[in-house]
Amino acid sequence: MSRLSPPPGPTAVRGAPTDGPSAARRFLISGQLHHPLALTVADLRTRWPQRHAPVVFDCATNGPQHHTFDGPLLRDVLDVAGPAFDARRRKDRSRFLLTVTGGDGHHTVLSWAEIDADFGDAPILLATAMDGQPLDAAGCQLVVPSDRCGARYISAITGIWVGTCPAPDGP
Ligand SMILES: Nc1nc2c(c(=O)[nH]1)N[C@H]1C(S)=C(S)[C@@H](COP(=O)(O)O)O[C@H]1N2
Ligand SMILES: [Mo]
């Protein structure tokens, strides 16, 4: 039945089932962007400069965790996606938020200002390897070296959304 077949076109580039079981899984960078992206871990490794980050974070259930991660800066990847703000205006950039979602549904939020060089300038990574082991099969992982807690180290990332929230009502 044709209704069960995915439509041709944009879904193919987004890692839809039409890619077949051997195709590398893609995660999506979507939202208020000029160039939404569908990327594999191999794309992250080959298209952007890699950083190396030895980190320690505390897990509420497992205690301190020591790992090394390699991968591009989240900011460098998002610069290619092109958030729909006026890049010359700091106040405009400061309105933007990010959500990062893992394959199990665990998700977290960041503000654009955390990674913006004029604000927090945090070297947050999208890791392509952990402890020297490639993450191609598992999916990339968010690395937040300045966090004391591990909860935002989202693994097996399936999506990143970028955008603004409506302004809350005034008093
Ligand atoms: N997708 C996903 N990523 C996640 C989590 C999770 O439940 N799902 N847990 C977080 C927490 S609480 C910690 S401490 C770190 C490390 O957890 P792990 O050692 O169990 O991988 O991963 C984070 N990333
Ligand atoms: Mo944790």
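The values are calculated or read from the model by the stated rules, or taken from the named source; none is laboratory data. From a predicted model like this one, the values you see are computed outputs, not experimental measurements. Here the Cβ is made from the backbone with ideal geometry for all residues, glycine too, and neighbour counts use every protein chain on show.
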Q.
Consider the range 16-55. How many of its residues are within 16 Å of ligand 1 (Cβ to nearest atom) and either loosely packed, with under 10 Cβ neighbours inside 10 Å or modelled with pLDDT of 95 or more (or both)?
A. 6
Q. Looking at (1) within 13 Å of ligand 1 (Cβ to nearest atom); (2) exposed (fewer than 15 other Cβ atoms within 10 Å of the Cβ); (3) closer than 16 Å to F27 by Cα, can you tell me which one H107 breaks?
A. (2)
Q. In the range 149-171, which residue that is of a type outside the set (G, A, S), in contact with a Phe, Trp or Tyr (Cβ under 8 Å, 6 or more places away or on another chain) and within 21 Å of R75 (Cβ to Cβ) is surrounded by the most Cβ atoms within 10 Å (Cβ to Cβ)?
A. I160
Q: Select, from G71, G82, the only residue that is within 16 Å of ligand 1 (Cβ to nearest atom), touching a residue at least 12 places away in the same chain (Cβ under 8 Å) and under 22 Å from W112 (Cα atoms).
A: G71
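Have a look at D58, D79 and point out the one that is out of contact with any strand residue (DSSP E or B) (no Cβ under 7 Å at 6 or more places or on another chain) and exposed (fewer than 15 other Cβ atoms within 10 Å of the Cβ). Break it down stepwise before answering.
Numbers: D58 fails: out of contact with any strand residue (DSSP E or B) (no Cβ under 7 Å at 6 or more places or on another chain).
Just a single option satisfies the conditions, and that option is D79.
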Q: Filter the range 112-122 for residues that are in contact with a strand residue (DSSP E or B) (Cβ under 6 Å, 6 or more places away or on another chain) and surrounded by fewer than 19 Cβ atoms within 10 Å (Cβ to Cβ) and give the result.
A: none
